[in-house]
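These notes concern the structure reproduced below.
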Amino acid sequence: LFILGILAYKWNFISNVMSFHTQQNEVVERKNRHLLDVVRTLMLESFVPSWFWCEALSTIVHLINCLPSQSLRNDSPFFKLLCHKPIYSNLHSFGCICYVHLPRQECIKCVFLGYSAHHKGFICYDPNIQRLRVSKNVIF
């Protein structure tokens with residue numbers, strides 16, 4: 001959804017969305033249902049507690065934006081926006097164990113929860129202090 005907003009801004013695309021128009025609502029409802037189905041599947045397969053629902057949703061949106069789409073002639077929204085292909089080697093399994101390097105030469109065992117939208121790094125959950133960490137220095 002974030003990518004679509006940027007694409008609309010980039011190409012000065014103006015759309016009149018009427019809430020009572022059933023065709024537009026069907027497309028939005030179908031996309032929302034698809035996102036929720038994929039998030040439920042991801043949560044069940046990764047055995048991550050339900051309070052990480054938002055992290056799972058943002059990870060799914062990131063992954064969908066990296067995947068090729070038939071409506072974009074087999075290009076990804078990522079490619080259409082940034083004019084270069086996404087790097088698939090940076091993708092990792094949601095809920096896997098990872099090790100975050102801290103500045104004082106120590107490693108902390110964490111759980112991988114996704115990709116940061118605001119920083120160049122990974123979002124990891126530290127069970128020791130029960131907080132999220134955003135770090136670029138992560139070993140999977």
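The values are calculated or read from the model by the stated rules, or taken from the named source; none is laboratory data. Quick caveat, the model's predicted, so the values are computed rather than measured. Backbone-built Cβ (ideal geometry, glycine too); neighbour counts: all protein chains shown. Side chains are part of the model used for accessible areas, which takes the heavy atoms of the whole protein and leaves out ligands, DNA and RNA. Shrake-Rupley method; radii C 1.70, N 1.55, O 1.52, S 1.80 Å.
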### Query
Quick one: what pairs do we get from region 28-52, first residue under 22 Å from C110 (Cα atoms), second exposed (fewer than 12 other Cβ atoms within 10 Å of the Cβ), C-beta under 7 Å, 6+ apart or different chains?
M43/S50
## Note on the structure
Reported set for region 53-105 where residues are closer than 22 Å to L42 by Cα, in a loop (DSSP other than H, G, I, E, B) and either open to solvent by less than 40 Å² (accessible area, probe 1.4 Å) or of a type outside the set (A, V, I, L, M, F, W, C) (or both) is P68, S76, P86, H92, S93, F94, G95, C96
#### Entry: N32 over 18 Å from F122 (Cα atoms), of a type in the set (S, T, N, Q) and at pLDDT below 95
yes
### Task
State which residue pairs qualify: first residue among the β-branched types (V, I, T) and inside region 89-118, second residue assigned to a loop (DSSP other than H, G, I, E, B) and open to solvent by less than 30 Å² (accessible area, probe 1.4 Å) in any location, beta carbons under 7 Å apart, and separation of 6 or more residues or different chains.
V111/G95
#### Entry: In region 123-135, residue surrounded by the fewest Cβ atoms within 10 Å (Cβ to Cβ) [restricted to those that are over 14 Å from C107 (Cα atoms) and in contact with a Leu (Cβ under 8 Å, 6 or more places away or on another chain)]
L132
### Task
Give I108, I123 a once-over and let me know the one that is β-branched (V, I, T), under 22 Å from the mean Cα position of the chain (by Cα) and not in a loop (DSSP other than H, G, I, E, B).
I123
